[in-house]
Amino acid sequence: MIQVAHVSKQFKDKKQVIKAVDYVSLQIRKGHVTGLIGENGAGKTTLLRMLCTLIEPDEGTISIDGENIFHHKEKVRRRLGVLFGSETGLYNRLTAKENLEYFGNLYGMTQHDIKNRIETLAKRFGMRKYMDRKVEGFSKGMKQKVAIARTLIHDPDIILFDEPTTGLDITSSNIFREFIYQFKSAGKTIVFSTHIMDEIAHLCEDVIMMHKGQIVYEGGLEELYEAENSRDLNYLFTSKVVRGDLYV
Ligand SMILES: Nc1ncnc2c1ncn2[C@@H]1O[C@H](COP(=O)(O)OP(=O)(O)O)[C@@H](O)[C@H]1O
Ligand SMILES: [Mg+2]
């Protein structure tokens, strides 16, 4: 379980102060797929960057299984698989395999473990044929596959993806969806941000709705549908924003 308690993060931009995340509290349930949804500038990326220990909050705490993540950064990072947007973080001049080896080494894995893990991932993602080819010639979808494999090289139990399908074509988006099903059946905890309501409806058990740095809903999708007597996520999101519902 990931617990976010009273977390804020602000940025100063040309004398103006932006409250990117504004006194947010929420829970991310173990083994669940949680969707993070909100308009551009809602604070999704900032929240995810804090969850993966890249930036520290100005106030509040974030803990995983009761431990403050900023007191155990290295330990936490070994448990996390993180992918930010369209930045695949891959080296074009290296082959798919070399990329995966590189990241395995970064995590301090043994050569034996790296080899086994690459074989498992290549098989699972249907990319054995591509492993010895340079990434530069890959299609966007193929690159995304390798990027996802990269985030899983150390077999993390928590996976954080920021807008993983933005800019992808339908085939690549479907590949991503397929991955989510696989992770889910492997019992992983997954959080991903998106602005596509359909992805939330199809893939998630839980949803975090953000608006202007604040949470307008966080919890189970079914509970939300029942409480509001509607299954139309677009409508539900808009009405929460308009009503100014706040979860604090
Ligand atoms: N490093 C930064 N410096 C200044 N402002 C930032 C920075 N990162 C984010 N912001 C601002 O914080 C707000 C939230 O941004 P972000 O977390 O990227 O939202 P989202 O991912 O939901 O689009 C936006 O107004 C954005 O411009
Ligand atoms: Mg973002």
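I need the full set of residues from the range 27-40 which are more than 8 Å from ligand 2 (Cβ to nearest atom) and open to solvent by 10 Å² or more (accessible area, probe 1.4 Å), in order please.
Those that are more than 8 Å from ligand 2 (Cβ to nearest atom) and open to solvent by 10 Å² or more (accessible area, probe 1.4 Å): Gln27, Arg29, Lys30, Gly31, His32, Glu39.
With respect to the numbered conditions (1) more than 29 Å from Tyr235 (Cα to Cα); (2) open to solvent by 10 Å² or more (accessible area, probe 1.4 Å); (3) not in a loop (DSSP other than H, G, I, E, B), which one is the sole condition not fulfilled by Ile148?
Only one criterion in (1) more than 29 Å from Tyr235 (Cα to Cα); (2) open to solvent by 10 Å² or more (accessible area, probe 1.4 Å); (3) not in a loop (DSSP other than H, G, I, E, B) is unmet by Ile148, namely (2).
For the structure I just gave you, tell me whether Thr171 is outside any strand (DSSP E or B), touching a helix residue (DSSP H, G or I) at 6+ places or on another chain (Cβ under 7 Å) and among the polar types (S, T, N, Q).
yes
With respect to Phe84, determine if the residue is of a type in the set (Phe, Trp, Tyr), open to solvent by less than 70 Å² (accessible area, probe 1.4 Å) and either within 16 Å of ligand 1 (Cβ to nearest atom) or closer than 24 Å to Ile196 by Cα (or both). Step through it out loud before you land on a result.
Values: of a type in the set (Phe, Trp, Tyr): yes; open to solvent by less than 70 Å² (accessible area, probe 1.4 Å): yes; either within 16 Å of ligand 1 (Cβ to nearest atom) or closer than 24 Å to Ile196 by Cα (or both): yes.
Against the criterion (of a type in the set (Phe, Trp, Tyr), open to solvent by less than 70 Å² (accessible area, probe 1.4 Å) and either within 16 Å of ligand 1 (Cβ to nearest atom) or closer than 24 Å to Ile196 by Cα (or both)), Phe84 qualifies.
Specify the residue that is farthest from the chain's Cα centre (by Cα); the eligible residues are those in the range 158-167 that are in contact (Cβ under 8 Å) with a residue 60 or more places away in the chain and open to solvent by less than 60 Å² (accessible area, probe 1.4 Å).
Residues of the range 158-167 that are in contact (Cβ under 8 Å) with a residue 60 or more places away in the chain, as a first pass: 158-164, 166-167.
Now narrow it down to the ones that are open to solvent by less than 60 Å² (accessible area, probe 1.4 Å): 158-164, 167.
Numbers: Ile158: 9, Ile159: 6, Leu160: 2, Phe161: 2, Asp162: 5, Glu163: 8, Pro164: 8, Gly167: 16 Å.
By that ranking, first place goes to Gly167.
For every residue, the table says whether it meets (1) surrounded by fewer than 22 Cβ atoms within 10 Å (Cβ to Cβ); (2) in contact (Cβ under 8 Å) with a residue 60 or more places away in the chain; (3) away from ligand 2 (no atom under 16 Å from the Cβ).
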site: Asp155; (1), (2), (3): yes, no, yes
site: Ile170; (1), (2), (3): yes, no, yes
site: Ser173; (1), (2), (3): yes, no, yes
site: Ser185; (1), (2), (3): yes, no, yes
site: Val191; (1), (2), (3): no, yes, no
site: His195; (1), (2), (3): yes, yes, no
site: Ile200; (1), (2), (3): no, yes, no
site: Glu205; (1), (2), (3): yes, yes, yes
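For the range 221-237, give me each residue that is open to solvent by 50 Å² or more (accessible area, probe 1.4 Å) and closer than 16 Å to Glu205 by Cα.
Glu222, Glu223, Glu226, Ala227, Arg231, Asp232 - these are the residues of the range 221-237 that are open to solvent by 50 Å² or more (accessible area, probe 1.4 Å) and closer than 16 Å to Glu205 by Cα.
Can you pull out the residues in the range 1-21 that are surrounded by fewer than 22 Cβ atoms within 10 Å (Cβ to Cβ) and more than 10 Å from ligand 1 (Cβ to nearest atom)?
The answer is Met1, Ile2, Gln3, Ala5, His6, Ser8, Lys15.
Which one of these does Leu54 not meet: (1) open to solvent by less than 40 Å² (accessible area, probe 1.4 Å); (2) within 16 Å of ligand 2 (Cβ to nearest atom)?
That leaves (1) as the condition not met.
Within the range 104-114, can you find the residues that are over 21 Å from the mean Cα position of the chain (by Cα) and surrounded by 15 or more Cβ atoms within 10 Å (Cβ to Cβ)? Please lay out each step first, then the result.
If we filter the range 104-114 for residues that are over 21 Å from the mean Cα position of the chain (by Cα), which is where we start, we get 105, 108-114.
The answer is Met109, Asp113, Ile114.
Give just the number: which of (1) in a strand (DSSP E or B); (2) near ligand 1 (Cβ under 8 Å from one of its atoms); (3) closer than 22 Å to Val241 by Cβ does Gln27 not satisfy?
(2)
Please find, among Gly141, Gly126, the residue that is touching a Ser or Thr at 6+ places or on another chain (Cβ under 6 Å) and either open to solvent by less than 80 Å² (accessible area, probe 1.4 Å) or within 24 Å of Phe84 (Cβ to Cβ) (or both).
None of the others qualify; the one that does is Gly141.
The values are calculated or read from the model by the stated rules, or taken from the named source; none is laboratory data. Source: prediction; values computed, not measured. With ideal geometry, Cβ positions are generated from the backbone for all residues, glycine too; neighbour counts draw on all protein chains shown. Accessible surface areas use protein heavy atoms only, side chains included; no ligands, DNA or RNA. Shrake-Rupley method; radii C 1.70, N 1.55, O 1.52, S 1.80 Å.
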